[in-house]
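The values are calculated or read from the model by the stated rules, or taken from the named source; none is laboratory data. Here the structure is a predicted model, which means the values were calculated and not measured. In this analysis, Cβ positions are derived from the backbone assuming ideal geometry, glycine residues included, and neighbour counts consider all displayed protein chains.
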Amino acid sequence: MMYPDGGLVDVFVIERSGRYIVTDYGEALGWLGTQSVRGQLSSKQRRLVDDVCLTLGVELYRGQLTLRCENPENLGEIVHRLAQAVVRVADIWFTLRTRAGETVADEVGDWLEERQISFDRAMKQSGRSERVWTLDYQTYTDARTSLIFLLSTSSRSAARRLTEHAAAGWGDLNHLKVSRPHTAFVSLFDDTADIWRGEDFKLVEALSEVALWSRPDELEQMLKAA
């Protein structure tokens, strides 16, 4: 059996007093975590991992998928079931990426929940031109309210259109900073794909703060800044 990237699945069998413990030594969750920019599982991924373990009767102990075997005659079946669980856990990464834009949006939402930052999604705000703009997120902390455009695409040709859309939005919504002095504008770039150019950042940095999804700690500081 193999991981989605072609790597072989390793399963380890430990004998203790005539009994066997079959484990992956945490490789499945470790592999899944490395596929995320943040290097850790989202809350949605953890729920799906729990579902896999429940379905296959596998124990999740300290990040390791584990099965116990009392009868040596059943060892082959136990090894196969654990390997199957490893593959199912790894496939969670593929399942959640059927539509890249939606996946990143969900990951950002999960991350905000983990950092205990209150937020709303798809918030609408009227600009000075009376055009209604849809913000991907509006976050709330003690110090500020942040409006966020998420710029995420796998197409270089679409990247420019996204930044132009964000720049137009920030320009039209600028009146909010006057009426709401603790409001911040944030352009969040999904830089998991190397498609953004220097001019994309420059287009919005004069109108908003620029954050990179690959640097979540900096994003957190930005959203909580006084």
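Things worth noting here:
- Total residues in the stretch 191-226, condition modelled with pLDDT of 90 or more and in contact with a strand residue (DSSP E or B) (Cβ under 7 Å, 6 or more places away or on another chain): 14
- Scope the stretch 119-152; condition polar (S, T, N, Q) and either closer than 15 Å to residue 185 by Cα or crowded, with 19+ Cβ neighbours inside 10 Å (or both); matching residues: 125, 126, 134, 138, 139, 141, 145, 146, 152
- In the stretch 51-79, the residues that are charged (D, E, K, R) reach residues that are part of a loop (DSSP other than H, G, I, E, B) and at pLDDT 90 or above with C-beta atoms within less than 8 angstrom, at least six apart or across chains, in these pairs: 62/26.
- Among the residues of the stretch 20-27, not a single one is on the phi < 0 side of the Ramachandran plot, among the hydrophobic types (A, V, I, L, M, F, W, C) and not in a strand (DSSP E or B).
- Taking every residue in the stretch 154-170 that is closer than 13 Å to residue 208 by Cα and pairing it with any residue that is surrounded by 13 or more Cβ atoms within 10 Å (Cβ to Cβ) and of a type in the set (Val, Ile, Thr), at least 6 positions away or on another chain, the pairs with Cβ-Cβ distances below 9 Å are 163/204; 166/204; 167/204; 170/204.
- The lone exception for residue 159 - which of (1) over 25 Å from residue 110 (Cα atoms); (2) in a helix (DSSP H, G or I) it fails: (1)
- For the stretch 122-135, the criterion of being among the β-branched types (Val, Ile, Thr) and under 27 Å from residue 35 (Cα atoms) is met by none of the residues.
- The residues of the stretch 36-92 that are exposed (fewer than 13 other Cβ atoms within 10 Å of the Cβ), over 23 Å from the mean Cα position of the chain (by Cα) and in a loop (DSSP other than H, G, I, E, B), listed by number, are 57, 70, 71.
- Put simply, of 64, 40, 125, 138 the only residue that is within 30 Å of residue 22 (Cα to Cα) and at pLDDT 90 or above is 64.
- Odd one out for residue 178 among (1) among the hydrophobic types (A, V, I, L, M, F, W, C); (2) exposed (fewer than 14 other Cβ atoms within 10 Å of the Cβ); (3) over 18 Å from residue 126 (Cα atoms): (3)
- Selection over the stretch 192-210 of residues that are of a type in the set (A, V, I, L, M), part of a helix (DSSP H, G or I) and over 20 Å from residue 105 (Cα atoms) gives a count of 1.
- Subset of the stretch 162-191 (residues that are of a type outside the set (Ser, Thr, Tyr) and outside any helix (DSSP H, G or I)): 174, 180, 181, 182, 184, 185, 186, 188, 189, 190, 191
- Here residue 104 fulfils each of the conditions (1) assigned by TED's automatic domain parsing to the domain that holds residue 174; (2) crowded, with 16+ Cβ neighbours inside 10 Å; (3) over 23 Å from the mean Cα position of the chain (by Cα) apart from (3).
- Going through (1) part of a loop (DSSP other than H, G, I, E, B); (2) in contact (Cβ under 8 Å) with a residue 24 or more places away in the chain one by one, residue 148 falls short only on (1).
- Residue within the stretch 175-187 that is touching a helix residue (DSSP H, G or I) at 6+ places or on another chain (Cβ under 6 Å) and at pLDDT 95 or above present: yes
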